Structures are given as C-alpha cells and as structure tokens.
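Trainee: Got a structure for you, questions after.
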Amino acid sequence: RHIPIILLTALGEDERKIEGFNFGADDYIVKPFKFDILLSRINNLLHSREVLRNVYDKSAPIHHEFGVKDPLLSHMEALLVNHFKFRNFSIPEIAEMMNMTPSKLEREIKRLTGMTPIKYLNDFRLTKAKHMLEKGDKSIFEVSYALGFKSMSYFGKAYKEKYGIAPSKTAEI
C-alpha cells in the first residue's frame, strides 16, 4: 500500500525538485503556497490511488512468477523451495511456518495472487516441472515424483491444463 508523499519545502530549485521526485515524492510544493492548492493536490493523489485500486481489484488476478518482491510471497516461495518435495506439505503446515492461521494465509495469498494457497502451491510445482522437463535430465516420472504429485495422471492433467501441452511434448522440445 502506497502512501502519497508530498514534499512541502522552501527549496524551489529544479535540482531539489528532481531530487525529491527521485526519492519517491508524488508531489513537490514550494513555500509560500496556497492552502487550497495543497488540498486539491492531496485530493487528486488520493482519488487517483482509489481509481487505480478499483481498476486493479476488478482486473484479472496477477500471476506471480515465483521470485516476486512481496515479503509474504517471498517467504512463501522460500518455504516452497525448501519443502515442495514433501507429498503431505499442507496449507496448515505452511501457515504455521509463516506464523499465521490457515484462514489468514488463504486471504493474503488470494489477495496478492488471485489464487488459493493450494493453487499457488500447484502452480509452483508445475513451474518447477516445466523447468526440469526443459532441462531434460529427468524423466517425467522422476519430475512428477520429485515435485510431490500423488499420481502421474494427475500431474499430466494439471500440466496440460496449465501449459496446453502434455509433459511428454515439453520433454521432447
């Protein structure tokens, strides 16, 4: 969540303004100023944030490529990298490792990615599978087993659903 920053200063040189904007200011107002102008700029910044929030809330969920900068997703990614091989790696276990309740984890992951934690975990596994298959040093069975899929048929179905081709076709490419 971004809080708009308005620099209110007596330093009006262009170099100072550029420096202020480079440090992340949304607006730069030089003293003396009219209060009505400050109020209008505050209202405009808040309104534009609200418009953006509404636009992005209604748009399709953002698909995160594992490696995002959000701290919660980075933490979850680190856990998945270290634990994705365990077949019984459950959402309550992930939530416990992240020091939150399963319902809070569900809400946060859904808010950030548009996916449930289970879907996010499966996407993670399928992304790993694609990389492993493209590398070509493991069989489809080895990849499926290494990533904790319970059955080859489920792995094949999930992979084809995500990528539009069978795992065997990826391995051939």
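Trainee: Residues of the stretch 135-155 being under 18 Å from Leu121 (Cβ atoms) and either out of contact with any Lys or Arg (no Cβ under 8 Å at 6 or more places or on another chain) or assigned to a helix (DSSP H, G or I) (or both), which ones?
Mentor: We begin by selecting, within the stretch 135-155, every residue under 18 Å from Leu121 (Cβ atoms); these are 143-151, 154-155.
Within the stretch 135-155, Val143, Ser144, Tyr145, Ala146, Ser151, Tyr154, Phe155 qualify.
Trainee: Mind listing just one residue for me: the one in the stretch 134-147 that is surrounded by 17 or more Cβ atoms within 10 Å (Cβ to Cβ) and closer than 26 Å to Ile91 by Cβ and, of those, modelled with the lowest pLDDT?
Mentor: Keep residues of the stretch 134-147 that are surrounded by 17 or more Cβ atoms within 10 Å (Cβ to Cβ), which gives 140, 143-144, 147.
When the remaining residues are screened for being closer than 26 Å to Ile91 by Cβ, the result is 143-144, 147.
Details: Val143: 87, Ser144: 87, Leu147: 82.
Of everything passing the filter in the stretch 134-147, Leu147 is modelled with the lowest pLDDT.
Trainee: Might you let me know whether the stretch 102-122 holds any residue that is surrounded by fewer than 19 Cβ atoms within 10 Å (Cβ to Cβ), assigned to a helix (DSSP H, G or I) and touching a residue at least 60 places away in the same chain (Cβ under 8 Å)?
Mentor: Within the stretch 102-122, none of the residues are surrounded by fewer than 19 Cβ atoms within 10 Å (Cβ to Cβ), assigned to a helix (DSSP H, G or I) and touching a residue at least 60 places away in the same chain (Cβ under 8 Å).
Trainee: Can I ask one more? Can you name every residue in the stretch 90-101 that is farther than 11 Å from His75 by Cβ and either outside any loop (DSSP other than H, G, I, E, B) or in contact (Cβ under 8 Å) with a residue 12 or more places away in the chain (or both)?
Mentor: Residues satisfying the conditions are Ile91, Pro92, Glu93, Ala95, Glu96.
Trainee: A further question on this structure: How many residues are aliphatic (A, V, I, L, M) and surrounded by 14 or more Cβ atoms within 10 Å (Cβ to Cβ) if we restrict to the stretch 16-41?
Mentor: Taking the stretch 16-41 as the starting set, the residues that turn out to be aliphatic (A, V, I, L, M) are 18, 25, 29-30, 37-39.
Checking the rest, the ones that are also surrounded by 14 or more Cβ atoms within 10 Å (Cβ to Cβ) come to 25, 29-30, 38.
Looking only at that region, the number is 4.
Trainee: Scan the stretch 1-42 residue by residue and report those that are of a type outside the set (D, E, K, R) and assigned to a helix (DSSP H, G or I).
Mentor: If the condition is that a residue be of a type outside the set (D, E, K, R) and assigned to a helix (DSSP H, G or I), then Ile18, Gly20, Phe21, Asn22, Phe35, Ile37, Leu38, Leu39, Ser40, Ile42 are the ones that fit.
The values are calculated or read from the model by the stated rules, or taken from the named source; none is laboratory data. Remember, predicted model here, so these are calculated numbers, not experimental data. Glycine gets a Cβ as well: all are built from the backbone with ideal geometry, and neighbour counts include every protein chain shown.
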